[in-house]
Every structure is written in C-alpha cells, then in structure tokens.
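Asks: Let me give you the structure first, and then I'll get to my questions.
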Amino acid sequence: SVVRAIMLIAVEGRSTPEVIRNLRGVPEIAALHTTNGEWDLIAEMNCESLAAFDHALGVIRGIGGIHHSETSILLSSATA
C-alpha cells in the first residue's frame, strides 16, 4: 500500500528558492507548500513502499540548505 507522509522543513538563511528547486526533483513529493512559523516548507509525500519512503528521506536529507526536518507518516484519515 502507498505510504503517505507530511514533512515539515526548516531552511537555512535565504536558501528557500534553491531548496524548493531541489525538492521539486524528488518524485515522491506530491505537493510542496511554503508556510510561516517555525517551519518554512511543508512537503506532502506519497511513496509506493516503506523502502521508497526511506530512500526519499535520504535524498531529501542530502539537499543543501535544509536545516532541520520532521516527518510524520499518515496512518489513517478522519472525516470532520
């Protein structure tokens, strides 16, 4: 089954445009949003397996300009 996750990303200094360009090259990122507060970017991830998810995390962590990230796998969806 598909692994869905949300990644919160803090960027170093003014490197957000470069980080966004690099993140757009990661096929597992379905959507990328800028935001305010502690986190600069939010990435919605869709991966075909845990192995693909692990690989994508490794690729993202290797991108220069990312200061810190926190990722949560989405386990289930509730309706409001």
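Asks: Filtering segment 1-38 down to residues that are assigned to a loop (DSSP other than H, G, I, E, B) and either among the basic types (K, R) or touching an Asp or Glu at 6+ places or on another chain (Cβ under 8 Å) (or both), which residue is farthest from S77 (Cα to Cα)? Let's see the steps before the verdict.
Replies: Quick first cut of segment 1-38, residues assigned to a loop (DSSP other than H, G, I, E, B) only: 1-2, 12-15, 24-28, 35-38.
Still in the running and either among the basic types (K, R) or touching an Asp or Glu at 6+ places or on another chain (Cβ under 8 Å) (or both): 2, 14, 24.
Details: V2: 14, R14: 35, R24: 26 Å.
Ranking the candidates gives R14 first.
Asks: With the requirement that a residue be in a helix (DSSP H, G or I), in contact (Cβ under 8 Å) with a residue 40 or more places away in the chain and either in contact with a Pro (Cβ under 9 Å, 6 or more places away or on another chain) or surrounded by fewer than 17 Cβ atoms within 10 Å (Cβ to Cβ) (or both), what does segment 39-53 give you? Before the answer, list the steps.
Replies: Kept after step one, since they are in a helix (DSSP H, G or I), are these residues of segment 39-53: 50-53.
The next check asks that each one be in contact (Cβ under 8 Å) with a residue 40 or more places away in the chain; those that pass are 50, 52-53.
If the condition is that a residue be in a helix (DSSP H, G or I), in contact (Cβ under 8 Å) with a residue 40 or more places away in the chain and either in contact with a Pro (Cβ under 9 Å, 6 or more places away or on another chain) or surrounded by fewer than 17 Cβ atoms within 10 Å (Cβ to Cβ) (or both), then L50, A52 are the ones that fit.
Asks: Between a first residue in segment 1-21 that is in contact (Cβ under 8 Å) with a residue 12 or more places away in the chain and β-branched (V, I, T) and a second residue that is crowded, with 16+ Cβ neighbours inside 10 Å and part of a helix (DSSP H, G or I), which pairs have beta carbons less than 6 Å apart while being 6 or more apart in sequence or on different chains?
Replies: V3/F53; V11/V19
Asks: Given (1) surrounded by 10 or more Cβ atoms within 10 Å (Cβ to Cβ); (2) not in a helix (DSSP H, G or I), where does I60 come up short, assuming only one miss?
Replies: Single failed check for I60: (2).
Asks: Of the numbered conditions (1) open to solvent by less than 30 Å² (accessible area, probe 1.4 Å); (2) at pLDDT 95 or above; (3) polar (S, T, N, Q), S15 satisfies every one except a single condition; which is it?
Replies: (2)
Asks: Same structure, new question: Against the conditions (1) open to solvent by less than 40 Å² (accessible area, probe 1.4 Å); (2) modelled with pLDDT under 95; (3) touching a Leu at 6+ places or on another chain (Cβ under 9 Å), where does I20 fall short? Just the number, please.
Replies: Every listed condition holds for I20 apart from (2).
The values are calculated or read from the model by the stated rules, or taken from the named source; none is laboratory data. On a predicted model such as this, the values are computed, not experimentally measured, just so you know. Note that we place each Cβ from the backbone using ideal geometry, even for glycine, and neighbour counts take in every protein chain shown. Only protein heavy atoms, including side chains, enter the accessible area calculation; ligands, DNA and RNA are left aside. Shrake-Rupley method; radii C 1.70, N 1.55, O 1.52, S 1.80 Å.
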